Structures are given as C-alpha cells and as structure tokens.
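K.L.:
Dumping the structure here so I can ask a few things about it.
The values are calculated or read from the model by the stated rules, or taken from the named source; none is laboratory data. All of these numbers come straight from a predicted model, not from anything done at the bench. Cβ coordinates were reconstructed from backbone atoms using ideal geometry, including for glycine residues, and neighbour counts include every protein chain displayed. Quick note on the areas: whole protein, heavy atoms, side chains included, nothing else; ligands and nucleic acids left out. Shrake-Rupley method; radii C 1.70, N 1.55, O 1.52, S 1.80 Å.
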Amino acid sequence: VQLQASGGGLGQAGGSLRLSCAASGSRFSYSVMGWYRQAPGKQRELVATITSGGVTNYADSVKGRFTIRRDNAKNTVYLQMNSLKPEDTAVYYCNVRTILAESWGQGTLVTVSS
C-alpha cells in the first residue's frame, strides 16, 4: 500500500489547516483510515479514524475542532483542523487498514504558532 499525504505546514493558533492522504495499491478495501500524531518527546497518539461506513472516532483533545472524512471513490482521507492550538504541533501520520495489513504514511509536519 502506498500513502501520499499532503497539507500541513505552518498554522496560527485559532486558524485552520487541512491534511489529505490518498491510498493506493491494495486489492482490498480500506476498512479504517485515520490520522495519528507524534509530538517531540511524546509517543504517537490517535487523532481520528473513520471506517468505510463513515463511523468516526476522535481523541478527546481534538473533538469539536477537527473533522475527519473520507472519499471512498478516491481512497482518500481528509483531516480538517480548526481552532488550532500550539499543542497540536506534531508530525501527523496517515494510517490505513485492510483485512490483511496496516500501513503508515511518511508523516507530515504541522506547526502551530501562538
């Protein structure tokens, strides 16, 4: 599976950024697509996931601020990040799962300035 992430970069506190991740190369459908993040000196943590049926799951820290959605026809998952906070600064990783395997993207840096 190949994952191509885009978006991210530098944002301001209170502002917005959007991430996208396109998956390809699997014979099987992507049952779950999502985003994780890893801040400096911290462990990787869940941000949000979405199933092929549209069921979402969010970390408490981003609920009400971030929205995950997916386009099944394009095998693409999006993360709309609003009301950004400096503590959202991290490397964000796209993650997809099929019935056989789990794959990670290369990571994209999001930096939020205060």
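K.L.:
Here are some residues: 27, 65. Which one is charged (D, E, K, R) and at pLDDT below 95?
P.N.:
So the residue among 27, 65 that is charged (D, E, K, R) and at pLDDT below 95 is 27.
Quick grid of which residues meet (1) open to solvent by less than 50 Å² (accessible area, probe 1.4 Å); (2) in a loop (DSSP other than H, G, I, E, B); (3) among the aliphatic types (A, V, I, L, M):
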position	(1), (2), (3)
35	yes, no, no
41	no, yes, no
47	yes, no, yes
62	yes, yes, yes
67	no, no, no
93	yes, no, no
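K.L.:
Pick from 26, 20: which is closer than 18 Å to residue 105 by Cβ and part of a loop (DSSP other than H, G, I, E, B)?
P.N.:
26
K.L.:
For the subset of region 104-114 comprising residues that are under 22 Å from residue 43 (Cα atoms) and out of contact with any Phe, Trp or Tyr (no Cβ under 9 Å at 6 or more places or on another chain), which member is least open to solvent (accessible area, probe 1.4 Å)?
P.N.:
So the residue we want is 112.
K.L.:
Right, something else. Do we have residue 100 as more than 16 Å from the chain's Cα centre (by Cα) and part of a loop (DSSP other than H, G, I, E, B) here? Let's see the steps before the verdict.
P.N.:
Values: more than 16 Å from the chain's Cα centre (by Cα): yes; part of a loop (DSSP other than H, G, I, E, B): yes.
The answer is yes for residue 100.
K.L.:
Going through region 3-41 one residue at a time, which ones are hydrophobic (A, V, I, L, M, F, W, C) and closer than 23 Å to residue 100 by Cα?
P.N.:
3, 5, 21, 22, 23, 28, 32, 33, 35, listed by residue number.
K.L.:
In addition: Which one is least open to solvent (accessible area, probe 1.4 Å) among residues in region 49-60 that are aliphatic (A, V, I, L, M) and part of a loop (DSSP other than H, G, I, E, B)?
P.N.:
So, considering only residues that are aliphatic (A, V, I, L, M) and part of a loop (DSSP other than H, G, I, E, B), the one least open to solvent (accessible area, probe 1.4 Å) is 59.
K.L.:
With 46, 84 as the choices, which residue is of a type in the set (A, V, I, L, M, F, W, C) and in contact with a Ser or Thr (Cβ under 9 Å, 6 or more places away or on another chain)?
P.N.:
Matching residue, one of 46, 84: 84.
K.L.:
Out of the residues in region 69-91 that are part of a strand (DSSP E or B) and open to solvent by 10 Å² or more (accessible area, probe 1.4 Å), state the one that is farthest from residue 33 (Cα to Cα).
P.N.:
91
K.L.:
Out of the residues in region 1-30 that are of a type in the set (Ser, Thr, Tyr) and over 15 Å from the mean Cα position of the chain (by Cα), which is most open to solvent (accessible area, probe 1.4 Å)? Lay out the reasoning, then the answer.
P.N.:
Of all residues in region 1-30, those of a type in the set (Ser, Thr, Tyr) come to 6, 16, 20, 24, 26, 29-30.
Filter once more, so that each one left must be over 15 Å from the mean Cα position of the chain (by Cα): 24, 26, 29.
Details: 24: 56, 26: 36, 29: 87 Å².
Filtering region 1-30 for residues that are of a type in the set (Ser, Thr, Tyr) and over 15 Å from the mean Cα position of the chain (by Cα), the one most open to solvent (accessible area, probe 1.4 Å) comes out as 29.
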